[in-house]
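What follows draws every value from the coordinates through simple rules; no lab data is involved. Please read these numbers as outputs of a predicted model, since none were measured by experiment. Cβ: placed from backbone, ideal geometry, glycine included. Neighbour counts: every protein chain shown.
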Amino acid sequence: MKPKILDTQEIYSGFFDLRQDLLENADGLTLSFTSLHMPSSVVVLAQTPNGLWILNREYRHPTGEVLLGPPGGRIDEGEDPLTAAKRELHEETGYYAEELQILGSCHPFPGICSQKIYYILAKNAEKKGEQKLEPFEFIEVELKTDAELLSEMQTSSRVDGNLCTALWYLHKNKEKDGILPCQ
């Protein structure tokens with residue numbers, strides 16, 4: 001079922017890697033296939049002790065838009081998803097949480113990209129410092145109630161899809177772990 005890889009060429013290496021493979025199927029047909037290769041990443045669905053969602057309003061250049069989404073980022077080499085989630089939450093928001101759990105994971109763009117995303121719940125996050133943003137991260141932190149978040153998601157198209165997926169995983173896990181979803 002898997003095609004044979006006859007040849008691989010790295011087209012670009014940087015923030016992501018772009019690779020072109022020459023594939024051959026069982027019938028001997030060949031296809032040139034270009035794909036992105038990126039490290040796994042985390043998306044952090046974080047709440048304060050009083051139940052406010054910690055969210056980012058962040059400029060996302062490919063869309064040309066400022067989108068509402070959860071904190072998150074790449075998992076460094078040798079780093080586990082929960083450690084990466086703690087680090088990214090603190091760097092992007094200044095909040096820190098001890099109570100983290102993996103809600104689920106998926107490959108969001110498997111037709112073109114190798115990246116796997118882990119969706120993490122961070123409970124009882126507290127402000128412990130300032131943001132430590134990279135030079136081209138433009139992030140404003142916002143705290144929202146369940147009602148405010150749901151309202152914005154229903155009325156705006158400027159929402160990062162990772163937020164929707166994270167909330168779906170939260171809802172999926174609610175009965176198993178006694179977690180309540182947005183209402």
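May I ask for the Kirkwood hydrodynamic radius of the stretch 1-130, worked out over all distinct Cα pairs and given in angstroms to one decimal?
Averaging 1/r across every pair of different Cα atoms and inverting gives 16.7 Å.
How many nm separate the modelled label positions at Phe33 and Thr8, each set 7 Å beyond the Cα in the direction of the Cβ?
The two pseudo-label positions are separated by 1.3 nm.
Calculate the spin-label point distance for Gln131 paired with Ile112, positioning each point 7 Å from the Cα along the beta-carbon direction, and give it in nanometres.
2.7 nm
Take the residue pairs Lys86/Lys123; Lys86/Lys132; Lys128/Lys172; Lys123/Lys174 and return only those whose Cα atoms are more than 20 Å apart.
Lys128/Lys172, as the Cα separations exceed 20 Å there.
Using DSSP to define loop residues, name the chymotrypsin sites (Phe, Trp or Tyr not before Pro) in the stretch 107-173 whose beta-carbon has at most 14 other beta-carbon atoms within 10 Å.
Qualifying residues, ordered by number: Phe136, Phe138.
Hey, if you put +1 on the Cβ of every Lys and Arg and -1 on every Asp and Glu Cβ in the chain, which of Gly78, Leu133, Ala97 ends up farthest toward the positive end of that dipole?
Going by the charge dipole, the pick is Ala97.
Could you check which residue among Asp27, Asp146, Asp160 shows the biggest mean-square fluctuation in a GNM of the chain with a 10 Å Cα cutoff?
Asp27
Please identify every one of the trypsin sites (Lys or Arg not before Pro) in the stretch 111-141 that sits in a loop by DSSP and has no more than 13 other beta carbons within 10 Å of its own beta carbon. Display every interim value, and only then the final one.
On the way: sites: Lys116, Lys123, Lys127, Lys128, Lys132; in loops: Lys116, Lys128, Lys132.
Those satisfying the criteria are Lys128, Lys132.
In a GNM of the chain with a 10 Å cut-off on Cα contacts, which of Gln47, Gln115, Gln154 has the highest mean-square fluctuation?
Ranking Gln47, Gln115, Gln154 by mean-square fluctuation puts Gln154 first.
Dividing the alpha-carbon Rg of the stretch 54-183 by 2.2 N^0.38 Å yields what?
Dividing the Cα radius of gyration by 2.2 N^0.38 Å gives 1.04.
What longest range of the chain stays clear of loop-exposed GluC sites (Glu not before Pro) (DSSP non-H/G/I/E/B, at most 16 other C-beta within 10 angstrom)?
The reported range is 1-76.
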